[in-house]
Amino acid sequence: MIKNIIRKLLGKSSLSTPVGETTLEAVSLRPAAAPAAALPLPVEPTPVAVAAAEVAAAAVAGPVRGTRVEVPASVHRIDASLLDDRAVKVVTTLQDAGFEAYIVGGAVRDLLLGHRPKDFDVATNATPEQVKGLFRRAFIIGRRFRIVHVVHGRGREHEVIEVSTFRAYLDPAAAEQVEGSEKTSRAALADKSHVVDASGRVLRDNVWGPQDEDAARRDFTVNALYYDPRRRIVVDYHDGIADARARVLRMIGDPVTRYREDPVRIIRVVRFAAKLGFEIEPGTREPIRACAELLSAVPASRMFDEMIKLLQTGHSLASLEELRKQGLHSGIFPILDAVLDDVHRDDGREQFIQRALADTDRRVGEGKPVAPSFMLACMLWHDVVRRADELRARGELPVPALQLAIDAVFDARIGDISGRGKLAADMREIWMMQPRLERRTPSAALALVAQPRFRAGFDFLRLRADTGEADADLAHWWERFSTADDALREELFVEARQQDQARRAAVAAGELPAETAAVASSGGPAAKKRRRRRKPAGARTEGAGALADGGEGGDGGE
């Protein structure tokens, strides 16, 4: 209905042609769907190579270029107050220099839905070098796709407007092909503009073209929209406005071909469906499971970034449910395998993870920052505890066991990714702080609250207490202690000694299991640590001695 209204208001015979572009032949706004009998997918998923060969025979030749439709403000009804002044300035600067320029993609989609976009991107027919020359702080980045970051402001208040040049839609079959990936074939990629690997995944795409081809190479119809803030029009080639209002995600062109060009689109369709509450159009949804194997060729760092986006959009619980719905909850992300596997439904971690993700969603919704290190620490905590318990059962001391378990879990679930060092340090600090929070002596407590990551460690403890894994009284004590004055802190130390004595008595009497006394069963050895302090220094092990010194073994052991 919306599509028909737009057509009546604008008239199909009055399509405009921008200066510098060739006139397009009138074509259907959306290609006709293939009949059910011609669908390339078998009932049972087959290897991608077989599926790709089957689809190739039925694929539509050439790009679905669409028809340019300029939709006025009276129809699209975008609220100009939701625009970002800096993004508008980038657009108008480019236009004043004689170039075409538009706000593009997800920002336009969000504006149509009445949301204030988080990020604003700009598309133009200016080359990266021409864009860079117009702005004082502009940087060309990327090899796979060359774009320009135009930077406004400094420090935490800075904002980056990403500017991309209109790209040509090139037939993947005509691209140069290399073996391997971006890393293994770097020499082969040198001086090439359009390159694919053996599976058809685009490794480099830096061929500039007209706007209609730029729209055709974008993934979904709702992301192929261009907004001119000066003329207040939306340029729509693929009925993106109609799909946005119908809340439908539809791939532009043949879905399998598009998934082969960039397998990460499989994850993006899940993320957008969860984030926007959109339905995935059947033709876009059907190939997902058969094409999922293509994700194995995507660099680990890029997959990791996509997983973080899934979990930090403010709709993480919906994203995980959508992954299950599309059959992508296992074997795609090693970290999520530790959480989403069905064997974990009844081992206590599901409630813990759901609370952590719900808290993340809440913070994003309130505009508060969220740290991937905290979220990932929550998701992998039970793996760490399980491995630490195994090591302790073989005779390892509590703190060294925890340290070794952290190393093993991080290597198995995170791997070698960009930024690993900082992420590992933050996660380790959160985990190693848990046994230290059990030690409420004056020197240990005062040192702990002074640490920059104390709040993250305490929030983690509180989450564990909320799910019954840690002592609720302990979490409540630290919450009061962290904001108390000196007099109240003296009272809290007395209270802590009384609680610890009562707990040890209950453990000794068999009324409580030793595991309740400290993290990862470290309650029992707490008494042993005091006995070890009377031994000569040379007789102490590093881990036990570190824990005995007011709980500061966490830092010393690192």
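A 1.4 Å probe run over the protein chains yields, for the stretch 295-377, 44 Å² of accessible area per residue, whole-number rounding.
Distance between the pseudo-spin-label points of Ala297 and Phe145 (7 Å out from Cα toward the beta carbon): 1.8 nm. Here each label is just a point 7 Å from Cα along the line to Cβ, and for Gln351 and Arg232 those points are 5.5 nm apart. Which shape class applies to the stretch 204-293: rounded if a/c is under 1.5, otherwise prolate when a/b exceeds b/c and oblate if not, where a ≥ b ≥ c are the square roots of the Cα gyration tensor eigenvalues? In terms of gyration-tensor shape, oblate.
Looking at this model, which pairs from Lys118/Lys422; Lys309/Lys422; Lys309/Lys368 are more than 23 angstrom apart at the alpha-carbon? As for pairs spanning more than 23 Å Cα to Cα, those are Lys118/Lys422. Once the dipole of the stretch 356-510 is set up with Lys and Arg at +1 and Asp and Glu at -1 on Cβ about the Cα centre, which of Leu423, Ala475, Ala450 lies farthest towards its positive end? Toward the positive end, the furthest listed residue is Leu423. Sorting Asp85, Asp119 by accessible area puts them as Asp85, Asp119; the probe is 1.4 Å, largest comes first, and only protein heavy atoms count.
With the cut-off at 1.5 for a/c, could you classify the stretch 443-499 from its C-alpha gyration tensor as rounded, prolate or oblate? Judged from the Cα gyration tensor, the stretch 443-499 comes out oblate (a/c at least 1.5, b/c at or above a/b). With a 1.4 Å probe and all protein chains left in place, how much of the accessible area of the stretch 284-426 comes from carbon and sulfur atoms, in whole percent? Heavy-atom surface of the stretch 284-426 belonging to carbon and sulfur, 1.4 Å probe: 49 percent. Legend: residues Lys275, Lys309, Lys422, sorted from most to least accessible area (1.4 Å probe; ligands, DNA and RNA excluded), read Lys422, Lys309, Lys275.
The values are calculated or read from the model by the stated rules, or taken from the named source; none is laboratory data. Only a predicted model underlies this, so the values are computations on that prediction, with no experimental measurement involved. Cβ: placed from backbone, ideal geometry, glycine included. Neighbour counts: every protein chain shown. To get the accessible areas, we keep the full protein, side chains included, count just its heavy atoms, and leave off ligands, DNA and RNA. Shrake-Rupley method; radii C 1.70, N 1.55, O 1.52, S 1.80 Å.
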